[in-house]
Amino acid sequence: MTDLAAFIAGLPKAELHMHIEGSLEPELMFALARRNGVDIPFNSVEEVRAAYSFSNLQDFLDIYYQGANVLQTEEDFRDLAMAYFDRAAADSVVHAEIFFDPQTHTDRGIPFDTAIKGLLAGMDEARARHGITSRLILCFLRHLSEEAAFETLTQAEPWLDRIEAVGLDSSELGHPPSKFERVFARAAELGLKRVAHAGEEGPADYVWEALDLLHIDRLDHGNRSLDDSALVRRLADEQMTLTVCPLSNLKLCVVPSMDVHPVDRMLREGLRVTLNSDDPAYFGGYVNDNFRAAAEARGLGRDDLVTLARNSFLGSFLPKDEVDAHLANLEAYAAAN
Ligand code: ADE
Ligand code: ZN
């Protein structure tokens, strides 16, 4: 291991952009398919991995929603969450704010409660097993209707004390944030924080809408913000956290090569950037793989890596005393390594 890789391995960090359904490794997909008697259109783990070649976001989403079919019971969701947390603990993740897509499950007849109970059980177990704290973010699928999002929010109401925020994901182009302005307003009334995927494939205009219409607390991806200098200034002035996902960007052709990934430019522009894995089972790496790939390709040094880790705590939804405790641990790590 290089010095920098060792530094990344032990660096305490939070992960703020990770779809739990996107952490379904092919091995677990096969195990759950067998356990539940669900047919999957693959004969081997190798065949599954070979299918993970995408030319855009929609290509990926088609296979990602298909993979989720094996998730049937509370235990399946718990096992999925635990597999992620075990992997995250190995990457020195001490806090994770994970997305789930309830409509992916309710639309195929799996009750909302089955998914959330299983995920919460996994989150509780991760705290006990690894000391990892976590929060749950409910994402609306933006290719579905506003009405369907409202229905999902209603189903979530009994669980509001265990849901931190709402998010917006799935096919971005043609589904601007404005479509969900009223749902996000209702979520705010219910006391939920707001995040949204914007500027992944969609234009900078969608990021403006996420800020001005959805009143987001955090911006997921946000790459295309760089096309608009006034927007960059606003994001920097407000210290809006961006959850950037380098390997995802590469696999979904948001960037043509890691060698031109804009993470260093984002840092230079004064943006509060964090690094995250997005859908680690599909994009070839967990959070430390993202740190290593970005650092190697863009020449990030230790100070940059500490800034990225610091940003992950500052951008989290943890209370201030917990953020401060994580920052103190981080500074101690940086001073000692
Ligand atoms: N759902 C899972 N991963 C996603 C991504 N990168 N963009 C939009 N929706 C997603
Ligand atoms: Zn995402």
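The values are calculated or read from the model by the stated rules, or taken from the named source; none is laboratory data. Bear in mind the structure is a predicted one, so any value in this text is a computation, not a measurement. Backbone-built Cβ (ideal geometry, glycine too); neighbour counts: all protein chains shown. These area figures cover heavy atoms from the full protein model, side chains too; ligands, DNA and RNA do not enter into them. Shrake-Rupley method; radii C 1.70, N 1.55, O 1.52, S 1.80 Å.
Quick one: in region 19-48, of everything that is among the polar types (S, T, N, Q) and either open to solvent by 40 Å² or more (accessible area, probe 1.4 Å) or within 16 Å of ligand 1 (Cβ to nearest atom) (or both), which residue is nearest to VAL195 (Cα to Cα)?
Step one: of region 19-48, the residues among the polar types (S, T, N, Q) are 23, 36, 43-44.
Restricting the remaining residues to those that are either open to solvent by 40 Å² or more (accessible area, probe 1.4 Å) or within 16 Å of ligand 1 (Cβ to nearest atom) (or both) gives 23, 36, 43.
Working: SER23: 20, ASN36: 33, ASN43: 37 Å.
Looking at the filtered set, the residue picked out is SER23.
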Just for helices (runs of 4 or more DSSP H) wholly inside region 251-320: which have at least 2 residues that are more than 16 Å from ligand 1 (Cβ to nearest atom)? 263-268, 287-298, 302-314
Condition first: among the small types (Gly, Ala, Ser) and either within 28 Å of PRO256 (Cβ to Cβ) or in contact (Cβ under 8 Å) with a residue 12 or more places away in the chain (or both). Now tell me which residues in region 301-337 satisfy that. GLY301, ALA309, SER312, GLY315, SER316, ALA334
Of all residues in region 87-103, count the ones that are more than 15 Å from ligand 2 (Cβ to nearest atom) and of a type in the set (D, E, K, R). 2
Please note which helices (runs of 4 or more DSSP H) are completely contained in region 1-64 and include at least 1 residues that are aromatic (Phe, Trp, Tyr). 3-10, 26-36
Residues satisfying the stated conditions in region 49-58, i.e. farther than 20 Å from MET18 by Cβ and open to solvent by 60 Å² or more (accessible area, probe 1.4 Å): ALA50, SER53, SER55, GLN58
Within region 250-275, which residues are open to solvent by 50 Å² or more (accessible area, probe 1.4 Å) and in contact (Cβ under 8 Å) with a residue 60 or more places away in the chain? LYS251, CYS253
Going by the structure shown, is LEU173 surrounded by 21 or more Cβ atoms within 10 Å (Cβ to Cβ) and at pLDDT 95 or above? no
List pairs: first in region 288-300 and farther than 10 Å from ASP264 by Cβ and polar (S, T, N, Q), second open to solvent by less than 30 Å² (accessible area, probe 1.4 Å) and not in a helix (DSSP H, G or I), Cβ under 7 Å, 6+ apart or cross-chain? ASN288/ASP91; ASN290/CYS245; ASN290/LEU275; ASN290/ASN276; ASN290/SER277
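Can you pull out the strands (runs of 3 or more DSSP E) entirely within region 73-188 that have at least 1 residues that are within 26 Å of LEU11 (Cα to Cα), away from ligand 1 (no atom under 16 Å from the Cβ) and within 17 Å of the chain's Cα centre (by Cα)?
93-100, 133-141
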Given (1) more than 15 Å from ligand 2 (Cβ to nearest atom); (2) at positive phi; (3) out of contact with any helix residue (DSSP H, G or I) (no Cβ under 7 Å at 6 or more places or on another chain), number of the condition GLU157 does not satisfy: (2)
Region 59-104: number of residues that are closer than 18 Å to LEU138 by Cβ, in contact (Cβ under 8 Å) with a residue 40 or more places away in the chain and open to solvent by 30 Å² or more (accessible area, probe 1.4 Å): 2
Tell me which residues, restricted to region 216-250, are of a type outside the set (A, V, I, L, M), more than 16 Å from ligand 1 (Cβ to nearest atom) and part of a helix (DSSP H, G or I). ASP227, SER229, ARG233, ARG234, ASP237, GLU238
Residues (touching a Lys or Arg at 6+ places or on another chain (Cβ under 6 Å) and within 11 Å of ligand 2 (Cβ to nearest atom)) located in region 272-290: PHE283
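Would you be able to tell me the number of residues in region 192-202 that are in a loop (DSSP other than H, G, I, E, B) and within 15 Å of ligand 1 (Cβ to nearest atom)? Can you show your working first?
Filtering region 192-202 for residues in a loop (DSSP other than H, G, I, E, B) gives 192, 199-202.
With within 15 Å of ligand 1 (Cβ to nearest atom) added as a condition, the list becomes 199-202.
Counting residues in region 192-202 that are in a loop (DSSP other than H, G, I, E, B) and within 15 Å of ligand 1 (Cβ to nearest atom) gives 4.
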Failed criterion for ARG129 (all others in (1) of a type outside the set (Val, Ile, Thr); (2) open to solvent by less than 10 Å² (accessible area, probe 1.4 Å); (3) more than 16 Å from ligand 2 (Cβ to nearest atom) hold): (2)
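Kindly indicate which of ARG224, ARG182 is within 16 Å of ligand 2 (Cβ to nearest atom), touching a helix residue (DSSP H, G or I) at 6+ places or on another chain (Cβ under 7 Å) and open to solvent by 50 Å² or more (accessible area, probe 1.4 Å).
ARG224
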